[in-house]
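S.K.: I have a structure I would like to understand better, so I am pasting it below and will then ask my questions one at a time.
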Amino acid sequence: MNRILAASLFGLSLATSSLAHAEPVKIGVITTLSGGGAGLGIDMRDAFTLAIKQSGNKDVELVIEDDAQKPELAVQIAEKMIQGDKVDLMTGIIWSNLAMAVVPNTVAQDVIYLSPNAGPSALAGANCNPNYFNVAYQNDNFHEAMGQYANKDYKNAFILAPNYPAGKDALTGFKRYYKGALAGEIYTQVGQTDYAAEIAQIRASDADTVYFFLPGGMGIAFMKQYAQSGVSIPVMGPGFSFSQDVLPAIGDAALGVKNSATWSKDLDNEANKQFVEAFKAEYKRLPSIYAAQSWDTANLILAALSKADVKDKDAFRAALKAADFKSVRGEFAFNNNNHPIQNIYVREVVKEDDGVLTNKIIATAFEDHKDAYAEKCSM
Amino acid sequence: MFTALLIEQLLNGLQLGVMLFLMAAGLTLIFGVMGLINLAHGSLYMIGAFACATVAAATGSFWIGLIASLAAAAGVGAIIEVAVIRRLYDRDHLDQVLATFALILILSEGARWLFGSFPLYLDIPPLLQGAVPLPGGGQYQLYRLAIIGVGIAVAVGLYLLIARTRLGMRIRAGESDREMIGALGVDIGTLYTVVFALGAALAGLAGALVGALQSVQVGMGEPVLILAFVVIVIGGIGSIKGALVGAVIVGVVDTMGRFLLPSLLALTMPASQATTIGAALASMLIYVVMALILAFRPSGLFAAQS
């Protein structure tokens, strides 16, 4: 019996080795699928799997794991994917504090990591790495755009963000281009849901605008409480605070709010139209910015796979860097630090005829924008 | 202007405290009467919020949603008590923690399965929209004032229930000597179910009230649960009065810390550093206060006689 088994195993191994050229490409996806931040990760996963599915590429195998928005868990999963599953590429992380825990160690083991969302400044400058590609943005970018836009109407801004790497990058980015005075600057706790104390301080300040970066459930809570507080100072935010995943829960309080983003549902290009249609048809909801970035990440990988073998790291890295794919954001190229060069738009929250809240582009804040850390990168 | 800000922040602290009291009252009651550590209390809070959001969306009325939240949380509480918790009274606390932690996972994933991962929408009822003027020139959100009112009403109601009614007498007796009241002919099983459902209903009420203010999503109960545990440890485990005092202390200290610490630190260091360090210090402040109180009163401020 054992002999038959051994013989058939041997036969099988022969069969697989003869098919070596069609060996599957394994992509490890670590993202947030449970807990308060799950909406972002689910959009990421759904867009990514849909892009792979639509490409018809049967050689791509996905290993998807939930990090529950916990850095220590993300580190364990990454180790398991690299050592156990032997993945060729990794992607998926939404949150900057998780990216900081996982990415340096991953790229050091010569595994290529493509970020579909987080872009902490620490990985964009002197610590840039040839194995690390950011397909989304550098964290400061959206906020730089809003800082620039704020100069038009405002002189005294009150700014707040959560106390974690992306929060600090956010306010740094805003201040880099904003020329007016600051009425106040607050760092809140990550995951905080009650902003009464902060809103009271905004009320007591003489600010003429409020700029806040609060992704996921945090932003919903802030906007609802702000709308009810009787404070009438206009608010602004990056696109994350008014992304499609949170707009239904904020409700009409978001109407008319300006926010910055590299992508919007109404961005006029062929790839974007196809993406929005495909996503709506498959999942019966509108895609968020996280879905758009993740869709681009998947298509970038697919484009590179068609040009180079993933096992030939140098060739594959070069194929990725060429960024020869149709981005839903229009023009897209990588800078020397493997972070995007792209346009950043200002959007406004509007209500469509069917009562659905969504964003509409009203201005372009930056054309072919590069991040501020690229020059410190020696690549 | 500063007085108005101070009054507003005190009210914010009180509102947070009152909300924590609704959670902590049930938690401490369940611990006091049944000796059970219930980690799943946060899930009942979540169930209240989801029930309110769903029913309010279907009927268009927040008030019917509020009643639904009480009913849903009490109902789920009673089912959990009969199906799971009842088997845990004679076990040690480690088993209880393990089993109720499993309940958190089951209820969270169940809610995700039913409602999805995206937050639900629940708005403040039209009657309580907007803000009211405060003495001193400030303004305050009407809905938060209403929460404070509800919290005070619940505190008074619980006091009357426990001090003046037959059920309250049995609850107190159950805290003191559960074998004896069983021997005196009280159906201890039913009493436990009622107390558990009562605690669950209060958690559900808190969840629904807060859900309209924040966002209704899976996992919303756990951060509140941790604060509620801090409250009952400060107040003395098993004491409703302790839960009230502890909740107000935690609410006010947390709000004032977040508000005052960064500005105090800004006097001695650059503003951007002060806000970062102040925010970090403020988030640990309630735990420092808890440690201090426990150093002087190891069993809390109003420890039930044990």
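S.K.: Could you please tell me which pairs satisfy a Cβ distance under 9 Å, a separation of 6+ or placement on different chains, a first residue in region A:85-106 that is closer than 14 Å to residue A:61 by Cα, and a second residue that is among the polar types (S, T, N, Q) and buried (at least 24 other Cβ atoms within 10 Å of the Cβ)?
M.R.: From region A:85-106, the pairs are A:90/A:106; A:91/A:31; A:91/A:115; A:91/A:294; A:91/A:297.
S.K.: Could you tell me whether any residue of region B:10-32 is out of contact with any strand residue (DSSP E or B) (no Cβ under 7 Å at 6 or more places or on another chain), in a helix (DSSP H, G or I) and among the hydroxyl-bearing types (Ser, Thr, Tyr)?
M.R.: yes
S.K.: What number of residues within region B:173-198 are within 30 Å of residue B:210 (Cβ to Cβ) and either aliphatic (A, V, I, L, M) or modelled with pLDDT of 85 or more (or both)?
M.R.: 8
S.K.: So, one more: Hey, residue B:267 hits all of (1) more than 14 Å from chain A (Cβ to nearest Cβ); (2) touching a helix residue (DSSP H, G or I) at 6+ places or on another chain (Cβ under 6 Å) but one; which does it fall short on?
M.R.: (2)
S.K.: Surrounded by fewer than 23 Cβ atoms within 10 Å (Cβ to Cβ), in contact with a Gly (Cβ under 8 Å, 6 or more places away or on another chain), at the interface with chain B (Cβ under 10 Å from one of its Cβ atoms) and at pLDDT below 90: does that describe residue A:184?
M.R.: Taking the combined requirement at face value, the residue does not satisfy it.
S.K.: Here's a follow-up. Going by the conditions given, is residue B:87 more than 14 Å from every other protein chain (Cβ to nearest Cβ), in a loop (DSSP other than H, G, I, E, B), without any contact (Cβ under 8 Å) to a residue 24 or more places away in the chain and surrounded by fewer than 17 Cβ atoms within 10 Å (Cβ to Cβ)? First the steps, then the outcome.
M.R.: Numbers: more than 14 Å from every other protein chain (Cβ to nearest Cβ): yes; in a loop (DSSP other than H, G, I, E, B): no; without any contact (Cβ under 8 Å) to a residue 24 or more places away in the chain: yes; surrounded by fewer than 17 Cβ atoms within 10 Å (Cβ to Cβ): yes.
Criteria not met by residue B:87.
S.K.: Looking only at region B:140-160, count every residue that is within 11 Å of chain A (Cβ to nearest Cβ), touching a residue at least 12 places away in the same chain (Cβ under 8 Å) and not aromatic (Phe, Trp, Tyr) and tell me the total. Don't jump to the end; show me each part of the working.
M.R.: To start, the set of residues in region B:140-160 that are within 11 Å of chain A (Cβ to nearest Cβ) comprises B:140-144, B:147.
Right, trim to touching a residue at least 12 places away in the same chain (Cβ under 8 Å) and you get B:140, B:142-144, B:147.
Going one step further and asking which of them are not aromatic (Phe, Trp, Tyr), we end up with B:142, B:144, B:147.
Number of matching residues: 3.
S.K.: Tally up the residues in region A:281-301 that are more than 14 Å from the chain's Cα centre (by Cα) and over 19 Å from residue A:323 (Cα atoms), please.
M.R.: Residues flagged as more than 14 Å from the chain's Cα centre (by Cα) and over 19 Å from residue A:323 (Cα atoms) within region A:281-301 amount to 6.
S.K.: Could you check region B:1-29 and list, in sequence order, the residues that are aliphatic (A, V, I, L, M), more than 14 Å from every other protein chain (Cβ to nearest Cβ) and farther than 22 Å from residue B:211 by Cβ?
M.R.: B:29
S.K.: Test of understanding: among B:39, B:44, B:29, which residue is modelled with pLDDT under 90 and within 14 Å of the chain's Cα centre (by Cα)? Step through it out loud before you land on a result.
M.R.: Numbers: B:39 fails: modelled with pLDDT under 90; B:44 fails: modelled with pLDDT under 90.
Just one listed residue meets the conditions, B:29.
S.K.: Let me ask another. Here's a check for you: in region A:163-181, which residue that is more than 10 Å from every other protein chain (Cβ to nearest Cβ), buried (at least 21 other Cβ atoms within 10 Å of the Cβ) and modelled with pLDDT of 90 or more is farthest from residue A:239 (Cα to Cα)?
M.R.: Only one residue fits best here, namely A:178.
S.K.: Could we say that residue B:111 is within 21 Å of residue A:35 (Cβ to Cβ), modelled with pLDDT under 95, within 14 Å of chain A (Cβ to nearest Cβ) and buried (at least 19 other Cβ atoms within 10 Å of the Cβ) here? First the steps, then the outcome.
M.R.: Working: within 21 Å of residue A:35 (Cβ to Cβ): yes; modelled with pLDDT under 95: yes; within 14 Å of chain A (Cβ to nearest Cβ): yes; buried (at least 19 other Cβ atoms within 10 Å of the Cβ): yes.
Judged against the criteria, residue B:111 is a match.
S.K.: Just the residues that are within 11 Å of chain A (Cβ to nearest Cβ), over 30 Å from residue B:2 (Cα atoms) and buried (at least 16 other Cβ atoms within 10 Å of the Cβ), please, taken from region B:114-139.
M.R.: Answer for region B:114-139, where residues must be within 11 Å of chain A (Cβ to nearest Cβ), over 30 Å from residue B:2 (Cα atoms) and buried (at least 16 other Cβ atoms within 10 Å of the Cβ): B:117, B:118, B:119, B:120, B:121, B:122, B:123.
S.K.: Given (1) in contact with a Leu (Cβ under 8 Å, 6 or more places away or on another chain); (2) modelled with pLDDT under 85; (3) surrounded by fewer than 24 Cβ atoms within 10 Å (Cβ to Cβ), where does residue A:203 come up short, assuming only one miss?
M.R.: Residue A:203 satisfies all of (1) in contact with a Leu (Cβ under 8 Å, 6 or more places away or on another chain); (2) modelled with pLDDT under 85; (3) surrounded by fewer than 24 Cβ atoms within 10 Å (Cβ to Cβ) except (2).
S.K.: Right, another one. Residues of region B:270-283 being within 28 Å of the chain's Cα centre (by Cα) and at the interface with chain A (Cβ under 9 Å from one of its Cβ atoms), which ones? Working first, answer last.
M.R.: Looking only at region B:270-283, we keep the residues that are within 28 Å of the chain's Cα centre (by Cα), and these are B:278-283.
Correct list: B:278, B:279, B:280, B:282, B:283.
S.K.: Collect the residues in region A:280-330 that are free of Cβ contacts under 8 Å to residues at least 60 places away in the same chain, closer than 27 Å to residue A:344 by Cα and among the charged types (D, E, K, R), keeping them in residue-number order.
M.R.: Scanning region A:280-330 gives A:280, A:285, A:324, A:326.
S.K.: Residues that are away from every other protein chain (no Cβ under 12 Å), hydrophobic (A, V, I, L, M, F, W, C) and in contact with a helix residue (DSSP H, G or I) (Cβ under 8 Å, 6 or more places away or on another chain): does region A:226-235 have at least one?
M.R.: Yes.
S.K.: Quick check on my filter: what residues within region B:203-260 are under 14 Å from the mean Cα position of the chain (by Cα), within 14 Å of chain A (Cβ to nearest Cβ) and more than 23 Å from residue B:74 (Cα to Cα)?
M.R.: The answer is B:250, B:251.
S.K.: Right, next: Would you confirm whether or not region A:50-68 contains a residue that is free of Cβ contacts under 8 Å to residues at least 40 places away in the same chain, assigned to a helix (DSSP H, G or I) and of a type in the set (Asp, Glu)?
M.R.: no
S.K.: From the list B:244, B:267, exactly one residue is hydrophobic (A, V, I, L, M, F, W, C) and in a loop (DSSP other than H, G, I, E, B). Which is it?
M.R.: Checking each option against the conditions leaves just B:267.
S.K.: Identify the single condition in (1) buried (at least 20 other Cβ atoms within 10 Å of the Cβ); (2) touching a residue at least 60 places away in the same chain (Cβ under 8 Å) that residue B:262 does not satisfy, given that it satisfies every other one.
M.R.: (2)
S.K.: Which of (1) buried (at least 24 other Cβ atoms within 10 Å of the Cβ); (2) in a helix (DSSP H, G or I) is the odd one out, the single condition residue B:38 does not satisfy?
M.R.: Every condition holds for residue B:38 apart from (2).
S.K.: Given the criteria surrounded by 23 or more Cβ atoms within 10 Å (Cβ to Cβ), modelled with pLDDT under 90 and β-branched (Val, Ile, Thr), does residue A:220 qualify? Before you say what the answer is, go through the steps one by one.
M.R.: Details: surrounded by 23 or more Cβ atoms within 10 Å (Cβ to Cβ): yes; modelled with pLDDT under 90: yes; β-branched (Val, Ile, Thr): yes.
Yes: the conditions hold for residue A:220.
S.K.: Could you tell me which residue of region A:252-265 is farthest from the other protein chains (Cβ to nearest Cβ), considering only residues that are within 17 Å of residue A:212 (Cβ to Cβ) and more than 17 Å from the chain's Cα centre (by Cα)?
M.R.: Checked region A:252-265; the qualifying residue farthest from the other protein chains (Cβ to nearest Cβ) is A:258.
S.K.: State whether one or more residues within region A:320-342 are in a helix (DSSP H, G or I), assigned by TED's automatic domain parsing to the domain that holds residue A:92 and not small (Gly, Ala, Ser).
M.R.: Filtering region A:320-342 for residues in a helix (DSSP H, G or I) gives A:320-322.
When the remaining residues are screened for being assigned by TED's automatic domain parsing to the domain that holds residue A:92, the result is A:320-322.
Adding the requirement that they be not small (Gly, Ala, Ser) leaves A:320-321.
Among the residues of region A:320-342, at least one is in a helix (DSSP H, G or I), assigned by TED's automatic domain parsing to the domain that holds residue A:92 and not small (Gly, Ala, Ser), which makes the answer yes.
S.K.: Test residue A:67 against the criterion of being touching a Ser or Thr at 6+ places or on another chain (Cβ under 7 Å) and on the phi < 0 side of the Ramachandran plot, and give yes or no.
M.R.: Here the answer is yes, as residue A:67 does meet what is asked.
S.K.: Shifting gears a bit: Being not basic (Lys, Arg) and not in a helix (DSSP H, G or I) is the filter here; which residues of region A:267-303 pass it?
M.R.: Across region A:267-303, the qualifying residues are A:267, A:268, A:269, A:286, A:287, A:288.
S.K.: So, one more: From (1) closer than 30 Å to residue B:116 by Cβ; (2) in contact with a helix residue (DSSP H, G or I) (Cβ under 7 Å, 6 or more places away or on another chain), pick out the condition that doesn't hold for residue B:226.
M.R.: Failing condition for residue B:226: (2).
The values are calculated or read from the model by the stated rules, or taken from the named source; none is laboratory data. On a predicted model such as this, the values are computed, not experimentally measured, just so you know. Counting neighbours? That spans all protein chains shown, and the Cβs are built from the backbone with ideal geometry, glycine included.
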